[in-house]
Amino acid sequence: MKISMRVNNNERELEVDGQTPLLWVLRDELNMTGTKYGCGKAQCGACTVHLNGNAVRSCVTPISAVNNSSVTTIEGIDNKTAAAVMKAWKSLDVPQCGFCQSGQVMSAVDLLTKKPNPTDEDIDAGMAGNLCRCATYVRIRQAIKNAAAELEA
């Protein structure tokens, strides 16, 4: 199947099986390894990317659903919300092993884009699909609050 999509603001055309998950197209066809494989069942969030501005789990998104769409990965996210999230992540030393962090950041940016001043409950709900084996949830929540405060200032 011929697929046309915009990845991190670059037009791409690929010939791939339409059932191939977006994650594998990003990693294997486009050599973009920032998006991680976690569970393969959309339950851990390590593979989170933005599809037309919304967070999706790329491990269960068939490439046929992406045709003529815009995909943003951790390598290409570049806006003031992402900058605030990454700054907060660094200042609080959120990552430990770091494996889940690209998915966490993508979900946090999606959350703050939709809810600029989230409550603890909003953060818990917005980040519920992202698992961290190092259990940095307290720092993740604080980083999101710090990013929200910076964006509001």
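The values are calculated or read from the model by the stated rules, or taken from the named source; none is laboratory data. This one's a predicted model, so the numbers in the text were calculated from it and none came from an experiment. All Cβ positions, even for glycine, are placed from backbone atoms using ideal geometry, and neighbour counts span all protein chains on display. Each accessible area value is taken on the protein alone, full model and side chains, heavy atoms only, with ligands, DNA and RNA left out. Shrake-Rupley method; radii C 1.70, N 1.55, O 1.52, S 1.80 Å.
Descriptive notes on the structure:
- Condition check for A42: at pLDDT 95 or above, in contact with a helix residue (DSSP H, G or I) (Cβ under 9 Å, 6 or more places away or on another chain) and of a type in the set (G, A, S): no
- For the residues K36, K80, the requirement of being open to solvent by 30 Å² or more (accessible area, probe 1.4 Å), touching a residue at least 40 places away in the same chain (Cβ under 8 Å), within 16 Å of the chain's Cα centre (by Cα) and closer than 20 Å to R139 by Cβ singles out K36.
- Test result for V71, more than 23 Å from A149 (Cα to Cα) and of a type outside the set (S, T, Y): yes
Yes/no matrix, rows are residues, columns are (1) part of a helix (DSSP H, G or I); (2) open to solvent by 20 Å² or more (accessible area, probe 1.4 Å); (3) touching a residue at least 12 places away in the same chain (Cβ under 8 Å):
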{"site": "E75", "(1), (2), (3)": "no, yes, yes"}
{"site": "M86", "(1), (2), (3)": "yes, yes, yes"}
{"site": "W89", "(1), (2), (3)": "yes, no, yes"}
{"site": "V94", "(1), (2), (3)": "no, no, yes"}
{"site": "M106", "(1), (2), (3)": "yes, no, yes"}
{"site": "T113", "(1), (2), (3)": "yes, yes, yes"}
{"site": "N130", "(1), (2), (3)": "no, no, yes"}
{"site": "Q142", "(1), (2), (3)": "yes, yes, yes"}
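- Hey, Q43 surrounded by fewer than 21 Cβ atoms within 10 Å (Cβ to Cβ) and either among the aliphatic types (A, V, I, L, M) or within 16 Å of the chain's Cα centre (by Cα) (or both) or not: yes
- Of the residues making up segment 46-73, those that are in contact with a strand residue (DSSP E or B) (Cβ under 8 Å, 6 or more places away or on another chain), among the aliphatic types (A, V, I, L, M) and open to solvent by less than 10 Å² (accessible area, probe 1.4 Å) are V49, I63, V66, V71.
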